[in-house]
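A short worksheet on the structure shown next.
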């Protein structure tokens, strides 16, 4: 039986590649260096930049290290979900969707606790929103479940349908 290879949608390549390379590999490397040496010049400039955006909050070195660790965890999630998306794994699509919903909810809750974060929260909702819209599209969803389409076609043929 000859198997037709379905062409990978461009959005899969772009979003999966962005998750894997930029938000995964590059972020993981960057934040690992920050976590490993929080007293480095890069770490200090990142901490100073962070302090500019939230002037009424100051981070201790220990808290800053915890922030870096949380970013490492996020990078691992993006790395894994990006790999899953690029390799046409349904779990990769689901992980991306669940994580995107979580990020949107987290951004909304952060505004409830500190209304001055509304501008950054809106920015933090854009990319997860794009991911949610794209990966809930029926055509893209069916791309990740190719066997489902094959089963439906076989059943239709057996029933004498189209």
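The values are calculated or read from the model by the stated rules, or taken from the named source; none is laboratory data. Note that the structure is a prediction, hence the values are computed from the model and not measured. Neighbour counts run over all protein chains shown; Cβ positions are idealised from the backbone, glycine included.
Spot the failing condition for residue 113; the list is (1) out of contact with any helix residue (DSSP H, G or I) (no Cβ under 9 Å at 6 or more places or on another chain); (2) at pLDDT 95 or above, and only one is missed.
Of (1) out of contact with any helix residue (DSSP H, G or I) (no Cβ under 9 Å at 6 or more places or on another chain); (2) at pLDDT 95 or above, only one is false for residue 113: (2).
Only residues that are modelled with pLDDT of 60 or more, farther than 12 Å from residue 97 by Cβ and not in a helix (DSSP H, G or I): list them for segment 129-162, please.
145
Just to check your reading of the model, which residue among 81, 39, 120, 45 is over 14 Å from residue 15 (Cα atoms) and in contact (Cβ under 8 Å) with a residue 40 or more places away in the chain?
Selected residue: 120, the only one of 81, 39, 120, 45 that is over 14 Å from residue 15 (Cα atoms) and in contact (Cβ under 8 Å) with a residue 40 or more places away in the chain.
Residues in segment 64-72: is at least one within 26 Å of residue 12 (Cα to Cα), modelled with pLDDT of 90 or more and touching a helix residue (DSSP H, G or I) at 6+ places or on another chain (Cβ under 8 Å)?
yes
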